[in-house]
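To start, the structure itself, in structure tokens.
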């Protein structure tokens, strides 16, 4: 069977992580058994990232016709360097993509491009928190939703800042291949779980990663990848060759929470997401590392109280 196609649209001064995050999700999907045909298009011959990295393997827009089953992802760009004099080079193509009934998605500031093309008129949308007010003022016919990871309006998706392109891409993977496969891809990327579009732009995971201790980051990466197993302080300490007592002290100092609290917070958040699916409670409990469905229910209740 011919693989699904994902078309990545690059402006000049594209933000590298806005592009790379979503690209990696679909690449890893192929590694896990569900391959996508990935294409890269731009209205420019040799677009560059906002950090100066150039691209060469990019097709002109005229060479790619978007079809109904395609996914088009527009990566965010440096707004201050966005050349609006070139609108006619790309707006008709983007409008045609939307008319084809393909999924059209923006990451971060690319919501400005979707708005400029008229694709967001009368629709809910979002962008990076630093740009929501500007987006709303510049395009009064749209409805900008604050503090959401991504927003769906029919076949149009807009995501918030930078890494939320990963969350959106994982969501699209889940819609096509199911939650279990999306979890497999997320685990392969050492992403603890796909965050839902209704989540705030700052997650429990991010709140406890704003430190510079590389050893504690290593421990946290291990925890996120092994939530479905029983995790002991001893095995975590062995990872970085220190005593359990020293790890306990360093972890609390770096993250602000204990190891047990951190594991519990991640399991609760993962459980709340999986409970929105049609999977059986026993599977969800096992996937989150709970010994029983009763323990799962109790933990989620505590998180909601």
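Within the range 145-152, can one find any residue that is surrounded by fewer than 24 Cβ atoms within 10 Å (Cβ to Cβ), farther than 22 Å from residue 8 by Cβ and modelled with pLDDT of 90 or more?
For the range 145-152, residues surrounded by fewer than 24 Cβ atoms within 10 Å (Cβ to Cβ), farther than 22 Å from residue 8 by Cβ and modelled with pLDDT of 90 or more: present.
Among the residues of the range 77-90, is any in contact (Cβ under 8 Å) with a residue 24 or more places away in the chain, in the same structural domain as residue 155 (by TED's automatic domain parsing) and within 27 Å of residue 185 (Cβ to Cβ)? Don't jump to the end; show me each part of the working.
First, pick out the residues of the range 77-90 that are in contact (Cβ under 8 Å) with a residue 24 or more places away in the chain: 77-79, 81-84, 86-87, 89-90.
If we keep only those that are in the same structural domain as residue 155 (by TED's automatic domain parsing) too, we end up with 77-79, 81-84, 86-87, 89-90.
Within this subset, residues satisfying the condition of being within 27 Å of residue 185 (Cβ to Cβ) are 77.
Yes.
So which residues in the range 114-130 are surrounded by fewer than 23 Cβ atoms within 10 Å (Cβ to Cβ), in a helix (DSSP H, G or I) and under 19 Å from the mean Cα position of the chain (by Cα)?
Those that are surrounded by fewer than 23 Cβ atoms within 10 Å (Cβ to Cβ), in a helix (DSSP H, G or I) and under 19 Å from the mean Cα position of the chain (by Cα): 129, 130.
Would you call residue 120 farther than 18 Å from residue 40 by Cα, touching a residue at least 40 places away in the same chain (Cβ under 8 Å) and in contact with a helix residue (DSSP H, G or I) (Cβ under 8 Å, 6 or more places away or on another chain)?
Details: farther than 18 Å from residue 40 by Cα: yes; touching a residue at least 40 places away in the same chain (Cβ under 8 Å): no; in contact with a helix residue (DSSP H, G or I) (Cβ under 8 Å, 6 or more places away or on another chain): yes.
It is false that residue 120 is farther than 18 Å from residue 40 by Cα, touching a residue at least 40 places away in the same chain (Cβ under 8 Å) and in contact with a helix residue (DSSP H, G or I) (Cβ under 8 Å, 6 or more places away or on another chain).
One line per residue, one yes/no per condition, for (1) within 26 Å of residue 181 (Cβ to Cβ); (2) surrounded by 15 or more Cβ atoms within 10 Å (Cβ to Cβ); (3) at pLDDT below 90:
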residue	(1), (2), (3)
248	no, yes, no
257	no, yes, no
274	yes, yes, yes
302	no, no, yes
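Out of the range 27-53, which residues are surrounded by 15 or more Cβ atoms within 10 Å (Cβ to Cβ) and under 30 Å from residue 177 (Cα atoms)? Before you say what the answer is, go through the steps one by one.
In the first step, residues of the range 27-53 are kept if they are surrounded by 15 or more Cβ atoms within 10 Å (Cβ to Cβ); the result is 27-29, 32, 34-36, 38-44, 47-50.
Hits for the range 27-53 are 27, 28, 29, 32, 34, 35, 36, 38, 39, 40, 41, 42.
The conditions are (1) at pLDDT 95 or above; (2) touching a helix residue (DSSP H, G or I) at 6+ places or on another chain (Cβ under 8 Å), and residue 4 fails exactly one of them. Which is it?
(1)
Output the number of residues of the range 256-279 satisfying the condition of being part of a helix (DSSP H, G or I) and either within 13 Å of residue 304 (Cβ to Cβ) or in contact (Cβ under 8 Å) with a residue 24 or more places away in the chain (or both). Step through it out loud before you land on a result.
We begin by selecting, within the range 256-279, every residue part of a helix (DSSP H, G or I); these are 259-274.
Now narrow it down to the ones that are either within 13 Å of residue 304 (Cβ to Cβ) or in contact (Cβ under 8 Å) with a residue 24 or more places away in the chain (or both): 259, 262-274.
Here the count works out to 14.
The values are calculated or read from the model by the stated rules, or taken from the named source; none is laboratory data. Just so it is clear, the structure is predicted and the values come from calculations on it, not from any experiment. So basically every Cβ, Gly included, is an ideal-geometry build from the backbone, and we count neighbours across all protein chains shown.
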